[in-house]
Amino acid sequence: MKKSDLLIVGALVVAASVAAQKDGHTDLWVRIDTIVLEGNYRTRAELILRELEFQAGDTLSLTDLAETLERNRLRVMNTGLFAHSTIHLEVLEPSGHLAIRLWLKEIWYVYPIPVFELADRNFNVWWTDFNRSLKRVNYGISSAHLNLSGWADVLKINLNFGYTNRYEASYERPWFNRSQTLGFRAAVGFSRNREVQYVTRENRQQFIADPEQWMRQRLYAHLALYWRPKLLTTHTFALEYHHNQTSDTVARQLNPHFFGSSRTKQRHVSALYRFVADLRDARPYPLKGWMLALELRQNGLLPSDDLHLFRLAAEGRYYRPLGRRWSAELVLKGRLSWPRRQPPFYNNQALGYGSDVVRGYEFFVVDGLDFFVQKGSLRFLLFDKYLYLGKWFPMANHLPIRAFFALHHDTGYARDPFFAADNPLNNRLLRGYGLGLNVVAFYNAVARFEYSWRSTGGSGFYVNYFAGF
């Protein structure tokens with residue numbers, strides 16, 4: 001802004017040509033003549049403008065202007081295409097028109113990087129249960145372009161070796177039609193392991209390994225259509241094909257229920273519908289807003305499929321600021337399965353996989369047809385600053401970093417009518433509580449360092465992280 005603050009204020013008052021009487025007071029409005037974008041060297045302007053709740057020619061309330069601008073800045077950041085951004089209102093010279101200027105710092109979109117990742121469920125299992133064994137590490141090359149043509153389309157190719165051989169290719173485009181409401185994703189992959197979990201005992205995964213043969217092989221294909229009729233609402237319709245195979249040793253000797261009926265193969269076509277309404281301010285680590293998701297999945301569309309299992313899952317997340325530094329988080333998630341008969345062991349996962357973990361129980365898995373998990377956190381912002389990384393990081397030489405002190409309390413329950421005999425945590429209400437340090441860097445990379453206690457006894461220190469891409 002080249003004019004003084006007084007000139008800006010004067011221009012705003014002149015531009016506030018619309019006034020409305022509300023509750024006995026006058027609410028001033030300003031007309032936005034244009035929207036100026038800076039820094040989007042690769043990203044198309046149409047994609048960015050699609051994320052905004054206003055456009056050139058709209059009028060905005062002066063009373064809520066600061067909140068409106070910040071809310072829309074975060075919506076643009078939620079695309080995952082930018083490392084940093086600023087937004088403000090200014091007067092353009094010499095016309096005197098009012099403009100909203102959005103400055104953006106694009107992330108590094110191309111990641112042809114070596115792969116070094118853990119094959120286990122989480123860092124804690126690998127570090128403790130498997131003694132930090134490098135044999136349980138996947139390595140290879142992963143090539144990802146997170147903005148291939150400027151439309152936020154993502155191309156990924158993975159060639160992984162080591163503990164798991166995995167070869168994958170996927171392409172995703174958020175929209176392809178003129179009204180910017182339809183998108184798609186296509187993916188195909190193949191993986192194989194010389195070690196496989198064949199059963200759960202004492203709520204611990206039991207593995208068998210054979211260096212002479214592949215104990216599990218998996219082929220899959222996925223095609224999804226996205227429909228986004230509103231800015232923050234997405235419908236997903238997907239079809240999937242799965243072909244899974246295991247060894248005779250697993251299916252016929254160790255666990256005849258692995259795929260069911262001592263089968264060594266499992267093939268099925270699946271259909272999925274998912275609805276998401278997402279009004280969170282910053283998706284990787286929200287402080288305000290809510291998200292609601294509903295998913296219906298039918299595994300087995302054809303009579304000849306080896307698996308027929310319908311699942312209904314729902315998830316709700318709520319975030320609320322409690323002052324300048326305090327905020328609260330509440331997460332509720334659950335799943336129901338039909339028919340109510342014994343599923344294959346391979347398809348009976350519940351708590352302990354992915355993000356469906358009761359904190360404090362990171363070393364355990366709880367299988368079941370149905371599950372419910374509640375997570376609550378109270379966070380306090382310790383600092384929010386930028387770290388200067390120097391000339392060696394030209395694309396992100398100023399690293400945005402935030403740290404939070406957090407208290408947490410989780411509850412979970414998994415219902416397992418069929419495989420619970422050797423697993424004392426099944427069909428039992430579990431609670432975990434503790435404290436920790438959460439670190440957020442580059443807006444979308446989150447690391448959590450937590451100490452948790454379990455309601456069934458015991459405690460421990462746990463590390464979890466999300467890389468952001």
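For this structure, a couple of remarks:
- Breaking point among (1) buried (at least 17 other Cβ atoms within 10 Å of the Cβ); (2) closer than 25 Å to Ala350 by Cα, for Ser262: (1)
- Within the stretch 22-40, considering residues that are over 17 Å from Glu90 (Cβ atoms) and modelled with pLDDT under 90, the one most open to solvent (accessible area, probe 1.4 Å): Asp23
- Out of Arg340, Arg320, Arg280, sole residue that is under 30 Å from Leu52 (Cα atoms), basic (Lys, Arg) and outside any strand (DSSP E or B): Arg280
- Residue that is closer than 24 Å to Tyr451 by Cα and within 20 Å of the chain's Cα centre (by Cα), where the choices are Leu322, Leu332, Leu378: Leu332
- Ser149 satisfies every condition listed in (1) surrounded by 14 or more Cβ atoms within 10 Å (Cβ to Cβ); (2) at pLDDT 80 or above; (3) over 22 Å from Ala445 (Cβ atoms); (4) among the polar types (S, T, N, Q) except (1).
- On the stretch given as the stretch 140-193, residues that are touching a strand residue (DSSP E or B) at 6+ places or on another chain (Cβ under 7 Å) and either basic (Lys, Arg) or closer than 30 Å to Leu49 by Cα (or both) total 28.
- For the residues Tyr433, Tyr465, Tyr413, the requirement of being touching a residue at least 12 places away in the same chain (Cβ under 8 Å), surrounded by fewer than 16 Cβ atoms within 10 Å (Cβ to Cβ) and part of a strand (DSSP E or B) singles out Tyr465.
Conditions tested, residue by residue: (1) over 22 Å from the mean Cα position of the chain (by Cα); (2) of a type in the set (S, T, N, Q).
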site	(1), (2)
Arg228	no, no
Thr234	no, yes
His243	yes, no
Gln253	yes, yes
Phe258	yes, no
Ser262	yes, yes
Gln266	yes, yes
Tyr273	no, no
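- The stretch 251-277, residues that are without any contact (Cβ under 8 Å) to a residue 24 or more places away in the chain, in a loop (DSSP other than H, G, I, E, B) and among the polar types (S, T, N, Q): Ser261, Ser262, Thr264
- Scanning the stretch 230-242 for residues that are open to solvent by 40 Å² or more (accessible area, probe 1.4 Å) and at pLDDT 95 or above gives Thr234, Phe237, Leu239, Tyr241.
The values are calculated or read from the model by the stated rules, or taken from the named source; none is laboratory data. These figures come from a predicted structure and were not determined experimentally. Backbone-built Cβ (ideal geometry, glycine too); neighbour counts: all protein chains shown. SASA here: full protein model, heavy atoms, side chains in, ligands and nucleic acids out. Shrake-Rupley method; radii C 1.70, N 1.55, O 1.52, S 1.80 Å.
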